[in-house]
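In what follows, a structure is listed as structure tokens, so that the remarks can point back to it.
The values are calculated or read from the model by the stated rules, or taken from the named source; none is laboratory data. Note that the structure is a prediction, hence the values are computed from the model and not measured. We place every Cβ from the backbone using ideal geometry, glycine too, and count neighbours over all the protein chains shown.
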Amino acid sequence: MLKIVVIIVMLLFVTACQEEEAVTRLSIEPVHESVAPENDNNQIMGGINHVEIVQNDTSGELWGYQPRQAWTKFDHYATVNEEGFAYNIFNDPDISSEISPITEGSDERILFFTFDDAPQAPDSYALQMAETLKAYDVNAVFLVNGMYMESEEGREITRKVHEMGFEIGNHTTTHSDMSELSYEDQLWELQVTNDMIEEITNDRVRWFRPPYGLYNLDTVLVANELGLQLITWTFGYDWQDDYLDGNALAEISLTTDYLHPGANILMHDRPWTLEALPRIIEGYREQGYHIVDPYLIQHQENSTVIHGLE
Ligand SMILES: [Zn+2]
């Protein structure tokens, strides 16, 4: 049974983002050396995570990151531990990166919202999506592509979405199939976009989703080197021909057989997704689900001891 589920999930991965055009590499030079700051001095305070003061290996400068705190009203369904986290994420990226409560007293009927391909040029809806989510007291992760942040407009959208309290994740620089790239090129894909995000947000990046859900062992190793949580997803429909419409998308999102506690739900920076969001949020809440604040999810090292990868 598990095998069948895995195969179905893998099929969903392969078809994800299929309509997206291939893109040419940006003019940014590849980096061949990791400059990711180490995380040894990570400070975590009660209820607040992501307070990080770390030293840059090469320059010795101190990097400052903003204190990040969950801002949704989660107290009635989640209990945080002393480090400020309420949820674990399943760290085997080959399954579906679902979440589960760490602490007793947390409701298990939870969902995790993630948005890819932001801020998609030429017409990004990421800002309106963030405003809609905020109006519903829903937090989420927006995963961006470096190619969309070459423009001042793209950087501005990313900055504003982050300022509103949303975490910005890495969806690679050129939206390439990582499994076809060398270790060095994969490092470039993630490092360039990480650097852009950190410059724009002054916040550490911790989420990474490989385009199309495709990756290999090198991807996992690069993600671990950069301290990125590699995530896939449970289900998503907004790139499939039958669901490029707000009503159809809301309907399938609320009725799909893949909907279950812990699900990691993939959506994109698209107009019909923006249109469907209110109905999706209200519908999940009517079914008793809570959409978790990503700041409550504990980061883990991605497992390499899976499915013969090591
Ligand atoms: Zn994508």
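Against the definition (farther than 18 Å from Met267 by Cα, within 16 Å of the ligand (Cβ to nearest atom) and either touching a residue at least 60 places away in the same chain (Cβ under 8 Å) or touching a Ser or Thr at 6+ places or on another chain (Cβ under 6 Å) (or both)), how does Thr173 come out, yes or no? Spell out how you get there, then give the answer.
Values: farther than 18 Å from Met267 by Cα: yes; within 16 Å of the ligand (Cβ to nearest atom): yes; either touching a residue at least 60 places away in the same chain (Cβ under 8 Å) or touching a Ser or Thr at 6+ places or on another chain (Cβ under 6 Å) (or both): yes.
Criteria met by Thr173.
Find all pairs meeting these conditions: Cβ atoms under 6 angstrom apart; at least six residues apart or on different chains; first residue within region 237-261 and at negative phi; second residue modelled with pLDDT under 95 and buried (at least 16 other Cβ atoms within 10 Å of the Cβ).
Cβ pairs passing all conditions: Trp239/Cys17.
Filter region 229-247 for residues that are away from the ligand (no atom under 16 Å from the Cβ) and not in a loop (DSSP other than H, G, I, E, B); which is farthest from Asp117 (Cα to Cα)?
Of everything passing the filter in region 229-247, Asn247 is farthest from Asp117 (Cα to Cα).
Among residues belonging to region 175-203 that are over 24 Å from Glu153 (Cβ atoms) and not hydrophobic (A, V, I, L, M, F, W, C), point out the one that is surrounded by the most Cβ atoms within 10 Å (Cβ to Cβ).
Gln186
When you scan region 199-209, how many residues do you find that are part of a helix (DSSP H, G or I) and farther than 13 Å from Glu150 by Cα?
Let us first name the residues in region 199-209 that are part of a helix (DSSP H, G or I), namely 199-201.
Retained after the next criterion (residues that are farther than 13 Å from Glu150 by Cα): 201.
Matching residues across region 199-209 total 1.
Can you name every residue in region 199-210 that is within 13 Å of the ligand (Cβ to nearest atom) and in contact with a helix residue (DSSP H, G or I) (Cβ under 7 Å, 6 or more places away or on another chain)?
Residues satisfying the conditions are Phe208, Pro210.
I'd like the residue in region 124-149 that is of a type in the set (Gly, Ala, Ser) and free of Cβ contacts under 8 Å to residues at least 40 places away in the same chain and, out of all such residues, is farthest from the ligand (Cβ to nearest atom). Before the answer, list the steps.
From region 124-149, those of a type in the set (Gly, Ala, Ser) are 124, 126, 130, 135, 140, 146; that's our starting set.
Pick out the ones that are also free of Cβ contacts under 8 Å to residues at least 40 places away in the same chain and you get 130, 135.
Details: Ala130: 18, Ala135: 25 Å.
My answer is Ala135.
Condition test on Glu275, is it farther than 30 Å from Leu181 by Cα and loosely packed, with under 15 Cβ neighbours inside 10 Å? Give the derivation first.
Working: farther than 30 Å from Leu181 by Cα: yes; loosely packed, with under 15 Cβ neighbours inside 10 Å: no.
It is false that Glu275 is farther than 30 Å from Leu181 by Cα and loosely packed, with under 15 Cβ neighbours inside 10 Å.
Each row is one residue, and each column tells you yes or no for (1) in contact with a helix residue (DSSP H, G or I) (Cβ under 6 Å, 6 or more places away or on another chain); (2) part of a loop (DSSP other than H, G, I, E, B); (3) at pLDDT 95 or above; (4) among the polar types (S, T, N, Q).
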| residue | (1), (2), (3), (4) |
| --- | --- |
| Arg155 | yes, no, yes, no |
| Arg159 | yes, no, yes, no |
| His162 | yes, no, yes, no |
| Ser176 | no, yes, yes, yes |
| Ser179 | no, no, yes, yes |
| Ile197 | no, no, yes, no |
| Thr219 | yes, no, yes, yes |
| Ala223 | no, no, yes, no |
| Gly227 | no, yes, no, no |
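Can you give me the number of residues within region 181-195 that are part of a helix (DSSP H, G or I) and away from the ligand (no atom under 16 Å from the Cβ)? Give the steps one after another, and end with the answer.
Initial filter on region 181-195 (part of a helix (DSSP H, G or I)): 183-195.
Filter once more, so that each one left must be away from the ligand (no atom under 16 Å from the Cβ): 183-185, 187-188, 191-192, 194-195.
Result for region 181-195: 9.
List, please: which pairs have Cβ atoms under 7 Å, are six or more places apart or on different chains, and start with a residue in region 206-235 that is within 15 Å of Ser182 (Cα to Cα) and end with one that is within 12 Å of the ligand (Cβ to nearest atom) and among the charged types (D, E, K, R)?
From region 206-235, the pairs are Leu214/Asp177.
Check whether at least one residue in region 100-123 is of a type in the set (A, V, I, L, M, F, W, C), within 16 Å of the ligand (Cβ to nearest atom), touching a strand residue (DSSP E or B) at 6+ places or on another chain (Cβ under 6 Å) and closer than 17 Å to Ile281 by Cβ, and report yes or no. Walk me through it before giving the result.
In the first step, residues of region 100-123 are kept if they are of a type in the set (A, V, I, L, M, F, W, C); the result is 102, 110-113, 115, 118, 121.
Filter once more, so that each one left must be within 16 Å of the ligand (Cβ to nearest atom): 113, 115, 118, 121.
With the extra rule that they be touching a strand residue (DSSP E or B) at 6+ places or on another chain (Cβ under 6 Å), the set shrinks to 113, 115, 118.
Pick out the ones that are also closer than 17 Å to Ile281 by Cβ and you get 113, 115.
Within region 100-123 (the criterion being of a type in the set (A, V, I, L, M, F, W, C), within 16 Å of the ligand (Cβ to nearest atom), touching a strand residue (DSSP E or B) at 6+ places or on another chain (Cβ under 6 Å) and closer than 17 Å to Ile281 by Cβ), the answer is yes, since at least one residue qualifies.
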